[in-house]
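The block underneath contains the structure these notes are about, expressed in structure tokens.
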Amino acid sequence: MDTAIITEQSVIDSILSYARMLHPRESILLLTGKVEKHKIIVNDTQIPPLATHGNTFSTFPLHMLPIDFSIMGIAHSHPSGTLHPSVTDLNKFYGRIMLITAYPYKSERNIAVFDREGKKIQFKLL
Ligand SMILES: [Zn+2]
């Protein structure tokens, strides 16, 4: 499926600034929005209800998230600077997309979006 992710600059800014704030710890945010045909529109972020800042994405209890069909996926940060999902990341895939932001979290160039198979998906800013 040739899915395009459409998001707003304000969404990108909150992902980047939250990651900077929690660095060198990992940040985790829920991406909310809607699906339109082959497009996923992400228009907001939410701090997960169970987020304790000691959690990394790999220890985060995904099964305790509320069933909420506006959750398009999860964004998390890689303080190590790598822009690729780990095997654990793919095993913990939730929703339709996985967004990773890597240190130094400066711009959308430090962000990549992946599908369930770990393939990179293009994203556009509105
Ligand atoms: Zn990761």
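Within segment 61-77, restricting attention to residues that are touching a residue at least 12 places away in the same chain (Cβ under 8 Å) and open to solvent by 60 Å² or more (accessible area, probe 1.4 Å), the residue that is farthest from the ligand (Cβ to nearest atom) is P66. Does K92 count as free of Cβ contacts under 8 Å to residues at least 60 places away in the same chain and within 22 Å of H38 (Cβ to Cβ)? When the stated conditions are applied, K92 does not pass them. Are any of the residues in segment 28-36 more than 16 Å from the ligand (Cβ to nearest atom) and open to solvent by less than 50 Å² (accessible area, probe 1.4 Å)? For segment 28-36, residues more than 16 Å from the ligand (Cβ to nearest atom) and open to solvent by less than 50 Å² (accessible area, probe 1.4 Å): present.
T101 meets each of the listed conditions (1) within 19 Å of P24 (Cβ to Cβ); (2) in contact (Cβ under 8 Å) with a residue 24 or more places away in the chain; (3) surrounded by fewer than 17 Cβ atoms within 10 Å (Cβ to Cβ) apart from (3).
Checking each residue in segment 1-13 for being buried (at least 17 other Cβ atoms within 10 Å of the Cβ) and modelled with pLDDT of 95 or more picks out V11, I12. Only one entry in S86, S80, S58 is within 16 Å of the ligand (Cβ to nearest atom), open to solvent by 80 Å² or more (accessible area, probe 1.4 Å) and not charged (D, E, K, R), namely S80. When the residues of segment 23-65 are filtered to those that are more than 15 Å from the chain's Cα centre (by Cα) and in a helix (DSSP H, G or I), the one that is modelled with the highest pLDDT is T59.
The values are calculated or read from the model by the stated rules, or taken from the named source; none is laboratory data. Just so it is clear, the model here is predicted, and its values are computed rather than measured. Cβ atoms come from the backbone with ideal geometry, glycine included; neighbour counts cover every protein chain shown. Surface accessibility is based on the protein's heavy atoms, side chains included, excluding ligands, DNA and RNA. Shrake-Rupley method; radii C 1.70, N 1.55, O 1.52, S 1.80 Å.
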